[in-house]
Amino acid sequence: QVQPVESGGGLVQAGGSLRLSCAASGSIFSIDVMGWYRQAPGKQRELVAAITSGGSTNYADSVKGRFTISRDNAKNTVYLQMNSLKPEDTAIYYCHAEIVSRRWAPYWGQGTQVTVSS
């Protein structure tokens, strides 16, 4: 059973930092794009950042210059370093991974709560 599992969420004051991790486990041949999405109460889920297996990155305009996505292909893990956090960053953050196991399929993690207090 292939499953991405997030960790690293929590409560932080505005201006602070958090680092999220997402490790995919199971019978994995390769992973294409890995990314982070977030969903705030009453809002749609939105892309925060994504990274290809070759290291190309894409960021939402709202997090450019504050968040950094990276990955360790050997560990099937993606990270999101979040600096200068703002209250509007409060949301559940979900890991997303395009995983080739017996076939290609997209997978979601269970989500981790990030709360930024003002």
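The values are calculated or read from the model by the stated rules, or taken from the named source; none is laboratory data. What you are looking at is a predicted structure, and each value in this text was computed from that prediction instead of being measured. Cβ placement follows ideal geometry from the backbone for every residue including glycine, while neighbour counts extend to all protein chains displayed. Surface areas here come from the heavy atoms of the whole protein model, side chains and all, with no ligands, DNA or RNA. Shrake-Rupley method; radii C 1.70, N 1.55, O 1.52, S 1.80 Å.
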Notebook entry, point to check: Which one of Gly54, Pro106, Tyr37 has its Cα pushed farthest toward the positive end of the charge dipole of the stretch 26-118, where Lys and Arg give +1 and Asp and Glu give -1 at the Cβ?
Noted result: Pro106
Notebook entry, point to check: Of all accessible surface on the stretch 1-106 at a 1.4 Å probe, what whole percent is carbon and sulfur?
Noted result: 47
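Count the net charge of all other residues whose Cβ sits under 13 Å from the Cβ of Thr77, scoring Lys and Arg as +1 and Asp and Glu as -1. Don't jump to the answer; show the numbers that get you there.
Details: positive: Arg19, Arg71, Lys75; negative: Glu6, Asp72.
Value of the local net charge: +1.
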Next item on the list: Please compute the net charge surrounding Gly15, taking Lys and Arg as +1 and Asp and Glu as -1 over other residues with Cβ under 14 Å from its Cβ.
Entry: 0
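For the chain, what D do you get in µm² per second when you plug the Kirkwood radius from alpha-carbon pairs into Stokes-Einstein at 25 °C and 0.890 mPa s? Numbers along the way, then the final one.
On the way: Rh = 14.2 Å.
This corresponds to a translational diffusion coefficient of 172 µm²/s.
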Notebook entry, point to check: Rounded to the nearest 10 Å², what accessible area does Asp61 show when all protein chains are kept and the probe is 1.4 Å?
Noted result: 130
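Return one whole number: the accessible area per residue of the chain in Å², for a 1.4 Å probe. Walk me through the intermediate numbers first.
Working: 6260 Å² over 118 residues.
The answer is 53 Å² per residue.
For the chain, what is the relative contact order in percent, using Cα pairs closer than 8 Å and at least 6 residues apart in sequence? Each step should come with its number before you reach the end.
Numbers: 298 pairs, mean separation 42.9, N = 118.
Dividing the mean separation by the residue count of the chain yields 36 percent.
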Checklist line | Per-residue HN-Hα couplings for the stretch 27-34 [Karplus 6.51, -1.76, 1.60; θ = phi - 60°; Hz; x = Gly/Pro] | finding: 7, 10, 8, 7, 10, 7, 6, 10
Note to self: Quick check: from the Cα gyration tensor, does the stretch 20-73 come out rounded (a/c under 1.5), prolate or oblate?
What the structure shows: oblate
Margin query: In whole Hz and in residue order, list the ³J(HN,Hα) couplings for the stretch 48-53 that follow from phi through the Karplus curve 6.51 cos²θ - 1.76 cosθ + 1.60, θ = phi - 60°; x for Gly and Pro.
Written below: 9, 7, 9, 9, 7, 5
